[in-house]
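Notes to accompany the following structure.
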Amino acid sequence: MLPPFRAVLPVLLTCLAGLSVPAAQAQAPSAPAAAPDAAALYRQHCATCHGEQRTGGMGPALLPESLERLRPAEAQKVIAAGRVATQMPAFGAQLSAEEIAALSAWIRTPVVPAPRWREDDIRASRIATPLPPDTPAAPVWSADPMNLFVVVEGGDHHVSIVDGDRFEVIERFASRYALHGGPKFTPDGRFVFFGSRDGWITKYDLWRLKVVAEVRAGLNMRNVAVSGDGRWVMAANYLPHTLALFDADLNLVRTYDAATLDGKTSSRVSAVYDAAPRSSFVVALKDIPELWEISYDPQAEPIHDGYVHDHKMGEAIAKPGPFGVRRTRLEQPLDDFFFDPSYRHALGATRPGPDGQARAQVVNLDVRLKIADLPINGMPHLGSGITFDWQGRRVLASPNLKDGAVDVIDMTTWQRIRTIPTPGPGFFMRSHEASRYAWTDSMMSPTAKDTLTLIDKTTLEPVARVREPGRTLAHIEFTKDGRFALASVWEQDGALIVYDAQTLKEVKRLPMSRPVGKYNVWNKISRSEGTSH
Ligand code: DHE
């Protein structure tokens, strides 16, 4: 290892002083101090926990794809000071500022050769801890199993299971590092699947309060979906460019290359969702303008892996029966999407073009064509969109990551009905069949991140605000009956706040560590119109 910067400093000063002596006495200038050897520093200090290939181990993966959301200054702070509530130690006493900066820059460079994660790696990663066969199939706690909340606490990477009647924590356990996306439930509400950004899927038994299986589906993952019949789990990866299909016990069934039919171009997978009424998974690709539908219906007609509306389809590779890929060509790749209540349409957003403007579109999954553009401003976060009835028609409303506005769209004509002002751009939106209001946050706004706005679903007017001054308030989920709305104080020393959904009075507050999201079992398995699916 090279000497730290503090050790070479006197040498540098001597060299600089040497520049002022007469030329006759001048000695040959020493070579400039070599830059720290970041690869060697990594091997010495980091590889044991983060893996030789930076694909993770006891610590998270340190790949460019995994670090996109961590600012360089923040990364340097973590290396120097460690990370609270994790096993990441502080290296500030061992490494110089230069070495830390070099390490922080180096871990953002691609690993060469690129790390692989193939089917045998996936299979080898699986850990199963099944319950003894004589275990009674009943919850080990007494509460309404349909009114549980699963709360993902991102601050210290834990999950809390909360009784949604008494608002008490039943269990709290350590999760994989950096869970992302909504956990997905089996149709009976007993098992829940979590996906982590590093590719881990965890199957958890809510009745027995135990992890029953885990598998690493990829090196950098977006999300997971569970089939409506509870038999299949699909994972969407950024790295490698694959989808991975598992049975309900997380045994790998097969992977799919996220690539064009000719295999020439591959893509990150934006997201996979279950379309239960269609018995299929629907998949958006981030770098290829295609939307895929993969049926898990055992009665499905044999299909071909090919493009629909393509004269070459007859030549496409035959993959009969369920689990073949039906491809719909699009004009632009989709980033994020959700379904209309009939599941005939996928409503998706494209990433911003050169003009900085994201576009939104409607794809009819039956005729397999884009049928409309959505007149939504800014950068819609359609994955968090909701639908509800307004004046006898179905409308959709979506939060907006760029503007302080919520656009409401008529789902028959696909025309904009109203733009509702909010105090700032937001990430999430929620309602419930029993609630008059749709709640949205403004967490992307430095000045209004502490404010939730309530929109009256009959007048489409913002009618009330709930605030937590100076703190970030976001992500709402209702109880099963819609009487209470639970919101997150999205801070390291945060909380779950329970509001009476009519009076807006605070009913209870549970301390939590940056509770990024909360999910009500009943609302999820019944596909409540006011929540994400
Ligand atoms: Fe998410 C869901 C994509 C950044 C917290 N996020 C999703 C989903 C997608 C998505 C496609 C739906 C998956 C699902 O639920 O199955 N998220 C993206 C991005 O593209 C984006 C903007 C950039 C990125 O790097 O991934 C992004 N997301 C974030 C965050 O920075 C958030 C705020 C904090 C975090 O922990 O990562 C964040 N995303 C969430 C949450 C959900 C989510 C809490 C689930 C919402 C729900 O209620 O269902």
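What follows draws every value from the coordinates through simple rules; no lab data is involved. Since we're looking at a predicted model, the values are computed, not measured. As a convention, Cβ positions derive from the backbone with ideal geometry for all residues, glycine included, and neighbour counts pool all protein chains shown.
Loop-located GluC sites (Glu not before Pro) in segment 443-533 (DSSP state other than H, G, I, E, B) with a sparse environment of at most 16 neighbouring Cβ atoms within 10 Å: 529.
Give, as ranges by residue number, the residues of segment 341-356 whose backbone N falls under 18 Å from the point 7 Å along Cα→Cβ of residue 332. Backbone N within reach: 346-356. Counting only residues at least eight positions apart within a chain, or on another chain, the aspartates and glutamates with an alpha carbon under 15 Å from that of residue 264 are 287, 290. The share of C-alpha pairs in segment 40-147 whose separation exceeds 16 Å stands at 68 percent. Only Cα sites of segment 317-435 enter the Debye sum here, all with the same form factor; the resulting log10 I(q)/I(0) across q = 0.09 1/Å is -0.26, listed in q order.
With neighbour counts taken as other beta-carbon atoms within 10 Å, the residues 67, 179 rank, fewest first, as 67, 179. Compute the separation of the alpha-carbon centres of segment 318-368 and segment 169-196 and state it in Å as a whole number. Centre-to-centre (Cα) distance: 27 Å.
In this structure, the amide hydrogen of residue 491, modeled 1.01 Å from its nitrogen in the peptide plane, lies closer than 5 angstrom to those of 514, counting only residues at least 5 positions away or on a different chain. Computed from label points 7 Å out along Cα-Cβ, the spacing between residue 247 and residue 33 is 6.0 nm. Think of each Lys and Arg Cβ as +1 and each Asp and Glu Cβ as -1; about the Cα centre, that makes the dipole of segment 218-308 roughly 320 debye.
When segment 51-186 is described by a simple charge dipole with +1 on each Lys and Arg Cβ and -1 on each Asp and Glu Cβ, the residue from 85, 169, 129 located farthest towards its positive end is 85. Annotation: aspartates and glutamates with alpha-carbon distance below 15 angstrom to residue 77 (same-chain offsets under eight excluded): 98, 99. In the chain, Rg over Rh equals 1.02, where Rg is the alpha-carbon radius of gyration and Rh the Kirkwood radius from pairwise Cα distances.
Spatial offset of segment 390-407 relative to segment 62-133 amounts to 38 Å, using the alpha carbon center of each. Contact order for segment 385-436, expressed relative to its length and based on alpha carbon pairs under 8 Å spaced 6+ residues apart, stands at 32 percent. Among the listed pairs 286/402; 210/402; 210/449; 457/505; 370/402, those with a Cα-Cα distance over 30 Å are 210/402; 210/449.
Using a cutoff of 8 angstrom between alpha carbon atoms and counting only pairs six or more residues apart, the relative contact order for segment 339-431 works out to 20 percent.
For residue 480, go through the lysines and keep the ones whose alpha-carbon is under 18 Å away, minus same-chain ones fewer than eight residues off. Straight-line reach from residue 480, under 18 Å: 184, 508, 518, 524.
Can you classify segment 128-174 as rounded, prolate or oblate using the Cα gyration tensor, where a ≥ b ≥ c are the square roots of its eigenvalues, rounded means a/c under 1.5, and otherwise it's prolate if a/b beats b/c and oblate if not? Cα axes put segment 128-174 in the oblate bin.
Ordered by the number of other Cβ atoms lying within 10 Å of each residue's own Cβ, fewest first, 210, 457 fall into the sequence 210, 457.
In terms of surrounding Cβ atoms within a 10 Å radius of their Cβ, 191, 91 rank from fewest to most as 91, 191.
Short to long, the 10 Å bins of the Cα pair-distance histogram for segment 375-533 hold 12, 44, 36, 8, 0 percent of all pairs.
The Cα center of segment 261-302 and the Cα center of segment 504-533 differ in position by 28 Å.
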